[in-house]
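Visitor: Starting off with a structure, shown below.
Derivation of every value follows stated rules applied to the coordinates shown; laboratory data play no part. Because the structure is predicted, anything quoted here is derived from the model rather than measured. As a convention, Cβ positions derive from the backbone with ideal geometry for all residues, glycine included, and neighbour counts pool all protein chains shown.
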Amino acid sequence: MTDDTRSRRSVLAVGGAVAGAAALSACGGADAPQQPAQNPPPAPSGQSLTPLASIPVGGAIPVQFADGRQAIVARPEDSAVAAFDAACTHKGCPVKPEGAELTCPCHGSVFDAASGAVKKGPADRPLAAIPVRIEGDQVVTA
């Protein structure tokens with residue numbers, strides 16, 4: 001083997017390793033946002049999120065804060081509500097309500113809509129809770 005052949009192989013090997021590393025860092029593409037923050041910024045107290053009547057008992061709905069942050073508001077019982085940051089704790093994709101569960105369309109994690117607890121991974125941490133209360137006919141931040 002000539003020195004010229006070895007040089008070309010070295011360049012190809014290094015180039016392939018760089019391309020492989022770039023491909024791995026992009027794994028997930030547009031469906032995999034960056035890792036979510038552990039503690040989302042607190043919502044201002046008393047901010048109305050949704051009318052209570054818009055949430056089915058035993059279900060949940062997506063809502064959005066004025067700053068654009070997405071959340072989920074659940075109604076496990078007629079007079080009880082819970083809210084969670086919508087960012088999946090695996091890779092940050094927004095979860096979607098499906099009855100009494102919240103599912104991540106990116107990688108398949110499933111969370112309990114009433115508690116935010118992980119029911120199925122790959123996520124291994126519960127959704128970040130957002131304190132809420134019922135005020136009149138509205139669900140507001142606590």
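Visitor: Scan region 109-123 and report the pairs whose first residue is assigned to a strand (DSSP E or B) and whose second residue is surrounded by 15 or more Cβ atoms within 10 Å (Cβ to Cβ) and aromatic (Phe, Trp, Tyr), with Cβ atoms within less than 7 Å and a gap of 6+ or a chain change.
Guide: Qualifying pairs under 7 Å: Val118/Phe111; Lys119/Phe111.
Visitor: Tell me which residues, restricted to region 59-96, are surrounded by 17 or more Cβ atoms within 10 Å (Cβ to Cβ) and part of a loop (DSSP other than H, G, I, E, B).
Guide: Phe65, Ala86, Cys88, Thr89, His90, Lys91, Gly92, Cys93, Val95
Visitor: From (1) free of Cβ contacts under 8 Å to residues at least 60 places away in the same chain; (2) within 9 Å of the chain's Cα centre (by Cα), pick out the condition that doesn't hold for Val63.
Guide: Failed condition: (2).
Visitor: Scanning region 115-138 for residues that are of a type in the set (A, V, I, L, M) and crowded, with 18+ Cβ neighbours inside 10 Å, which turns out farthest from Ala87 (Cα to Cα)?
Guide: Val132
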